[in-house]
Structures are given as C-alpha cells and as structure tokens.
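Please read the structure below before turning to the comments.
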Amino acid sequence: MNIEWKWDAAIPVAIESLIRLADIANGYKSSILFGKKQMYINGKVSSQVVSLFLTMKCDQTLSVNVEGEDATEAFRSIHAYIHELMREPDAVPAQAAEIKAVHHHPFTQAM
C-alpha cells in the first residue's frame, strides 16, 4: 500500500518533537519519506527529519509518502502526531508518548 499526503499549513517544530516523529516512523516496516518541493528524506533518520523541518519555510508544503505492508497504521500515527503539533506548537503532545508501534524494522534502503 502506498499513501501520499500533503500538509499546506506551517508545522511548528521543536527538536524533541522532530526526534519523536522519527521514532514513531521507526516503529513501522513501511518506507516513510518526508519532503518538500520534490526533495524527500528518510523519515526514520532523526538528523534528516530535523534538517528538513528546520529548513522549511512557512509557505512550503510538507509531503509524506508511506509505502509498505503497515502503511495505514504508520500514516495514522504520523498524521495524528503532526496534527497535534499543529494544534499545540509549543508542546510535545502527551498522546505521542503513548503511540507504540507493534512492528519495528530498521530502514535498509539508502537515500
């Protein structure tokens, strides 16, 4: 299964929130990519996620591409987390700490 979604709203970020986003992505077998303007990064690598979000401008659209056997579950977790970040820009969502993935499989494809 392949899911692609775009957010048009600016996503306020804190380093801790971005690291948590990569942690959530790492809980799934699916390939998870975040991108802007045709440049995609591995959503499971904290340093790449932090770099992408810190270089994004408010007018840029975030693209998320999730592909794999558990794509639906992975997308739901990521979507819920980002949605919560957009509602509470200065806080790491409490519920994010409760999101636990059933599967863990290291990302093996080089970007």
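Any read-out appearing in this document is the output of simple, stated calculations on the displayed coordinates, not a laboratory observation. Keep in mind the model is a prediction, meaning the values are calculated, not measured. Methodologically, a virtual Cβ is constructed for each residue, glycine included, from the backbone with ideal geometry; neighbour enumeration extends over all protein chains shown.
At-a-glance table
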item: Karplus-derived 3J(HN,Hα), 6.51/-1.76/1.60, for each residue of region 40-50, Hz, glycine and proline x; result: 10, 10, 6, x, 9, 10, 3, 5, 5, 5, 4
item: Highest to lowest packing among 23-30, 61-68, scored as the average C-beta count within 10 Å; result: 23-30, 61-68
item: Interchain or long-range residues, amide H under 5 Å from Val45's placed H; result: none
